[in-house]
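Presented below is the structure to which this report refers.
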Amino acid sequence: MKRAFLQDMSARLNRIHPAARGTLLVAFGVFFLILMISLAPAQQGSKAAKVGNEACLICHDAAGKEFSLSAHARGHKGKTTECESCHGPGSAHADDPQKANIRNPEKMDAAEANETCLSCHVNSGKIQHWPSSRHAAADVRCTGCHEVHAAWTEDEALRNTEMNENCFQCHAQVRKSMVQRSSHPLRYGQMQCSSCHSPHGSAGEKSLIKPTVNQTCYTCHMEKRGPFLFEHAPVREDCLTCHVPHGSNNTMLLKAQTARLCQSCHLLGHHQTVAAQPGQMWVQNRACANCHAQIHGSNHPSGAIFLR
């Protein structure tokens, strides 16, 4: 009977157009593949069941005491987190306390471990750009910056109490900039790296909190936004044309000394291209800005060259 059935099915397939026959076979193959994949997690999950925090604390008492003081355990944003929320069902580990019998995010690939955090924090507005962020692309772990078990009160649960110290553990080249002659007041605690950058990614370049460099700068330097009657084109284009945001040995975070910076664009055969003597005004004090004081733009009727 089975042979007759197979012969009948073979005859039916032979009557189908070859192109349609191939499509049908591919469809059957995809169906069975999806069926096998969908059944695999169910079979794996049946091996272990949840046992509750009490069973975990029998062995992990010290970690449990710290965890009980964390916002995760206290019901952070209305949701209480248990041990098995991150480590998975623990019955197999409770019966045989081998490391292989429990899910440990620290031993998993960064992307897979981060999915554990994202399973709860997916609705947070702070991490909506995480999948496309530079940190995610570099396989940075959530636990590289955030502490899960230890007691903490701040929303960020940072490993270091200072946000900047968390960033500097990877971005050591930026730490150097904080102690240069001219820098943003990060070292004095008056701002943080997150004042300009979003560590979880953003729609802007360099993980900036705003879509562009200028818009990010304008969050503090509103007086430079304009619009002005007389605009300075490089200023409108990009603040980084003249400034180094993380720190510089020149005043006002400038890329070069004022006179040399201006001369990098202004070579028109007038006084700015003359080899200056040490005592001349356009190399002393504020250099070119001694006269062209409104260099970011002017609203004065006589401000065409930013004199006032």
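Every number in this text was worked out from the coordinates using simple rules, so none of it is lab data. These numbers were taken from a predicted model, which means no experiment stands behind them. For neighbour counting, all protein chains shown are included, and Cβ atoms are generated from backbone atoms with ideal geometry for every residue, glycine included.
General remarks:
- Pairs from the table (K50/K126; K126/K176; K206/K255; K65/K126; K126/K206) lying more than 21 angstrom apart at Cα are K50/K126; K126/K176; K65/K126.
- When each of T241, T161 is scored by the number of other beta-carbon atoms lying within 10 Å, the sequence from fewest to most is T161, T241.
- Gyration tensor (alpha-carbon) shape descriptor, the stretch 164-245, a/c threshold 1.5: prolate
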